[in-house]
Amino acid sequence: MRAELIDGKKIGQAMRAELRPEIAALRQRGVTPGLAVVLVGEDPASQVYVRMKGRACDDLGMRSETIRLPADAAEAELLAVIERLNADPEIHGILVQLPLPKQINETRVLHRIVPGKDVDGFHPENVGKVAIGDPTGFRPATPYGVQQLLVRSGVPTSGAHAVIVGRSNIVGRPMASLLLHKGKGADATVTVCHSRTRDIGAVTRQADVLIVAMGKPEFVRGDMVKPGAVVIDVGVNRVDDATTEKGYRLVGDVAFEEAAAVAARITPVPGGVGPMTITMLLYNTVQAARQWAD
Ligand code: NAP
């Protein structure tokens, strides 16, 4: 059997198109959804992500602003930028691109963003709202995107056993929250694995829906996947490859060919979860603008 691909690029594009009328309606009310992205330093991958976010906003007629600070910027300088953006009525969403340089305390920075503009959903107020299923909380973009991939691909989650590998605050933990909710794309029985999980293959083999977010290239092998499962690979890892022009290629946390031979459906890397993450960030920014306007 060869698994069917879940195409995040296609689903993401369709979802972005659905946002257009809502953005147009907000603009008619004099509110152009605005996203500010703050980038500290010159990490090449972060620069690419920031450019992609800006372009996605422009494409939908949203406002976007990128604030760049040098790699040696002091924490106080970054906090001052956040305070300015918190007070700016034209900015509805604020995102600080991670990782931050060592001299800056990430938690202090993320907690300074006003919860109503925290479109990454990392502020404890939003984390709490998401945990209790309050729809005014911002769902972190990556797990929100995974959930939308499942919904829009018609993957049944109600009563399904969803196994998540990874318990980070950015992906694994909020993913578990979302799948535990009642309703569409949820109602799953959820198991979360991490680096201390014993016999991880025995757990992943029970998954009807297997979501992997570890940051370990091709860790999940074919024999760790239940035949007929749906596999969502969140991982993005650079591995050396002298045969490519750049000298590297991107792989997920799942050994794609092996897993695709066993699974019913699978996301590719790239082109699976990645495009959904940006799409859901745009959704959160529009939600922020709507909540601000109402
Ligand atoms: P992270 O903060 O490093 O968390 C990794 C998680 O995996 C941790 O919970 C860790 O367990 C677990 N883990 C590591 N090695 C393991 C092992 N051998 N067995 C079982 N569990 C193990 O990473 P993250 O931020 O969640 O990101 C995960 C991956 O997703 C990365 O490749 C990242 O680049 C990618 N990502 C992609 C997107 C996207 O848009 N496509 C967005 C975000 C992240 P412990 O907690 O026990 O250490």
All positions within the range 21-48 that are touching a residue at least 60 places away in the same chain (Cβ under 8 Å), closer than 22 Å to residue 84 by Cβ and of a type outside the set (Val, Ile, Thr): 33, 34, 35, 41
Positions within the range 112-129 being away from the ligand (no atom under 16 Å from the Cβ) and in a helix (DSSP H, G or I), in sequence order: 112, 115, 116, 117, 124, 125, 126, 128, 129
Flag for residue 68 being assigned to a strand (DSSP E or B), touching a residue at least 12 places away in the same chain (Cβ under 8 Å) and basic (Lys, Arg): yes
Residue in the range 209-219 that is among the aromatic types (Phe, Trp, Tyr), more than 10 Å from the ligand (Cβ to nearest atom) and out of contact with any strand residue (DSSP E or B) (no Cβ under 7 Å at 6 or more places or on another chain) present: no
Count of residues meeting criterion [under 16 Å from residue 267 (Cβ atoms), of a type outside the set (Gly, Ala, Ser) and assigned to a loop (DSSP other than H, G, I, E, B)] in the range 186-227: 6
Of all residues in the range 247-286 being surrounded by fewer than 20 Cβ atoms within 10 Å (Cβ to Cβ) and over 21 Å from residue 232 (Cα atoms), the one that is farthest from the ligand (Cβ to nearest atom): 247
Residues of the range 142-161 satisfying the condition of being touching a residue at least 12 places away in the same chain (Cβ under 8 Å), surrounded by fewer than 24 Cβ atoms within 10 Å (Cβ to Cβ) and of a type in the set (Gly, Ala, Ser): 153, 158, 159, 160
One residue from 222, 201, 172 being over 21 Å from residue 280 (Cβ atoms), of a type in the set (Gly, Ala, Ser) and within 12 Å of the ligand (Cβ to nearest atom): 201
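So that you can scan it fast, the table gives a plain yes or no per residue for (1) over 19 Å from the mean Cα position of the chain (by Cα); (2) without any contact (Cβ under 8 Å) to a residue 40 or more places away in the chain:
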position: 59; (1), (2): yes, no
position: 80; (1), (2): yes, yes
position: 87; (1), (2): yes, yes
position: 96; (1), (2): no, no
position: 101; (1), (2): yes, no
position: 108; (1), (2): yes, yes
position: 118; (1), (2): no, yes
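Any read-out appearing in this document is the output of simple, stated calculations on the displayed coordinates, not a laboratory observation. Just so it is clear, the model here is predicted, and its values are computed rather than measured. A quick note on method: Cβ atoms are made from the backbone with ideal geometry, for glycine too, and the neighbour counts reach across all protein chains shown.
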